[in-house]
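Participant: Please see the structure below; I have some questions.
The values are calculated or read from the model by the stated rules, or taken from the named source; none is laboratory data. Everything numeric here is computed off the predicted structure, so don't read it as measured data. Cβ coordinates were reconstructed from backbone atoms using ideal geometry, including for glycine residues, and neighbour counts include every protein chain displayed. Just the protein is used for accessible areas: all its heavy atoms, side chains included, with ligands, DNA and RNA removed. Shrake-Rupley method; radii C 1.70, N 1.55, O 1.52, S 1.80 Å.
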Amino acid sequence: MTFTQADFKSNIQNLDDSVVITIQLGDLLVKKVLLDPGSSADVLFYSTFQKMKLSDNNLQPTGGDLVGFSGERVPILGLVWLRITLGEYPLSKTYDIQYLVVDCFSPYNLILGRPFLNKFGAIVSTVHLCVKFSVQDEHIVTIHGDHKEAWHCYNIGMKFQNGPKQPQINNVLSTASSSELADLDPRADFLERPTPTGELRKIHFNKDPNKYTFVGTAISKDELPTIENFLQANADLFAWTPSDMPGIDPQIISHKLAINPSVRPIQQKKRNLGEEKKRASLEETQKLINANFIREIRFTTWLANVVMVRKQNGKWCMCVDFIDLNKACPKDSYPLPSIDSLVDNASGYATLSFMDAYSGYNQILMHPSDQNKTAFITEFGNYCYKVMPFGLKNAGATYQRLMDKIFAKQIGRNIEVYVDDMVTKTKVGHSHIDDLTEIFGQI
């Protein structure tokens, strides 16, 4: 392979830009892909993973950290295999590539390093801002980097570096093993929810110090008492414990598993937990029993293990490894809203109220015929879910379908909804109480 003057695509002189291209990942076109011959790993960022609407159950648990060139370390959430196509048919190559999934800031969606380049036999020229590879040893294909996209990513990266100091990986040198992470489920991040900017005023319900919500002090003094009185009058809509949740009538919706009848049920062998995890699993199981979310089951077909995950606050979270069950279920391709569109649709409004459905998934019942398929192993017996649990392949689609049905006449007008997160919005010059009254009435 040779690079000549003819490979310069742009009249702009090379300013040591990165080689940023667009590739086909699975069935999707992914932009802002950095080709980095200095990286020892192919990295997929968790934000991109979510935008591709991939399930966390696709992640294979692994241990270790990614280590950047300046020594920063970011935990690896897991491994995932995805098919990638370089070039356009017929002058293209397609291979399955293993990616390390990390949750940190990066202006790029994907970093393709030496494993990818070696697999495709691709050569990058940072001078000519392009990459070349051969197809069937007969044709040399050239893909040029996107100069504007490279500059856009660079500017985003610079703005971020001058702002909040958070973990970020732009160029990865190596991976570091960590036995402490080896036992953790890849869904273990659980970052605290972001808090609104500006001063907030705490409003207590029924003078109970443990039951409260927040109202921004930027609201006018005339409107603030009205909003406080309105919230107090609707205190019954706020849930503080699972017992406060009546759940959704199954005639409206329930979660059904469409298992491929040709797939044999799989019963996972019991995994041994350490003493600390064993105690934590007992506590979490008892919470689910008390909430009437699960029931004991004796004769199982499908059976999964639990995975204990330590959250950032030091507490344990119990997840169920539904990977085998999910493989047997076809994907429900019900469309989730575009995050970018939701943000745009909520901008420019005078007043916003942010609401989160408490333990939202668990308010949808599992279809009775499918409850036994959600069985999982504990140290003290086997249980199955009576309600829709986290971790099932199509749970998000079922929940979004419910929300679209509930707010069919409000979405886009005075509310935006993404799964269990809701934003009530009011136009300039209109009463926010009127919009909240309509939304609360619908709930």
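Participant: Which one is modelled with the lowest pLDDT among residues in segment 215-256 that are open to solvent by 80 Å² or more (accessible area, probe 1.4 Å) and more than 17 Å from PHE440 (Cβ to Cβ)?
Facilitator: SER243
Participant: Right, here's the next one. May I ask you to list the residues in segment 348-391 that are polar (S, T, N, Q), open to solvent by less than 30 Å² (accessible area, probe 1.4 Å) and under 19 Å from SER243 (Cα atoms)?
Facilitator: ASN362 - this is the single residue of segment 348-391 that is polar (S, T, N, Q), open to solvent by less than 30 Å² (accessible area, probe 1.4 Å) and under 19 Å from SER243 (Cα atoms).
Participant: If you don't mind, there's one more thing I want to ask. Scan segment 201-242 residue by residue and report those that are within 29 Å of the chain's Cα centre (by Cα) and under 19 Å from HIS430 (Cβ atoms).
Facilitator: Within segment 201-242, VAL215, GLY216 qualify.
Participant: Further question: Of the conditions (1) open to solvent by 100 Å² or more (accessible area, probe 1.4 Å); (2) not in a helix (DSSP H, G or I), LYS287 clears all except one; give me its number.
Facilitator: All conditions are met except number (2).
Participant: Go through segment 114-125 and give me each residue that's of a type outside the set (A, V, I, L, M), farther than 16 Å from ALA6 by Cβ and open to solvent by less than 80 Å² (accessible area, probe 1.4 Å).
Facilitator: PRO115, PHE116, PHE120, GLY121
Participant: What are the residues in segment 414-435 that are within 14 Å of ILE227 (Cα to Cα) and in contact with a strand residue (DSSP E or B) (Cβ under 6 Å, 6 or more places away or on another chain), if any?
Facilitator: If the condition is that a residue be within 14 Å of ILE227 (Cα to Cα) and in contact with a strand residue (DSSP E or B) (Cβ under 6 Å, 6 or more places away or on another chain), then THR424, THR426, HIS432, ASP435 are the ones that fit.
Participant: Do we have ILE111 as at pLDDT below 90, out of contact with any Lys or Arg (no Cβ under 8 Å at 6 or more places or on another chain) and open to solvent by less than 70 Å² (accessible area, probe 1.4 Å) here?
Facilitator: No; evaluated as a whole, the condition is false for this residue.
Participant: How many residues does segment 292-331 hold that are touching a Ser or Thr at 6+ places or on another chain (Cβ under 7 Å) and either open to solvent by 50 Å² or more (accessible area, probe 1.4 Å) or under 19 Å from VAL419 (Cβ atoms) (or both)?
Facilitator: Total satisfying the criteria: 1.
Participant: Any residue in segment 369-389 that is of a type in the set (Ser, Thr, Tyr), modelled with pLDDT under 95 and within 28 Å of GLY274 (Cα to Cα)?
Facilitator: Within segment 369-389, one or more residues are of a type in the set (Ser, Thr, Tyr), modelled with pLDDT under 95 and within 28 Å of GLY274 (Cα to Cα).
Participant: Among the residues of segment 41-72, what is the count of those that are closer than 21 Å to ASP96 by Cβ, part of a loop (DSSP other than H, G, I, E, B) and open to solvent by 40 Å² or more (accessible area, probe 1.4 Å)?
Facilitator: Of the residues in that region, 3 qualify.
Participant: Does any residue of segment 73-92 turn out to be modelled with pLDDT under 85, open to solvent by less than 10 Å² (accessible area, probe 1.4 Å) and part of a strand (DSSP E or B)?
Facilitator: Looking for residues that are modelled with pLDDT under 85, open to solvent by less than 10 Å² (accessible area, probe 1.4 Å) and part of a strand (DSSP E or B), one finds at least one in segment 73-92, hence yes.
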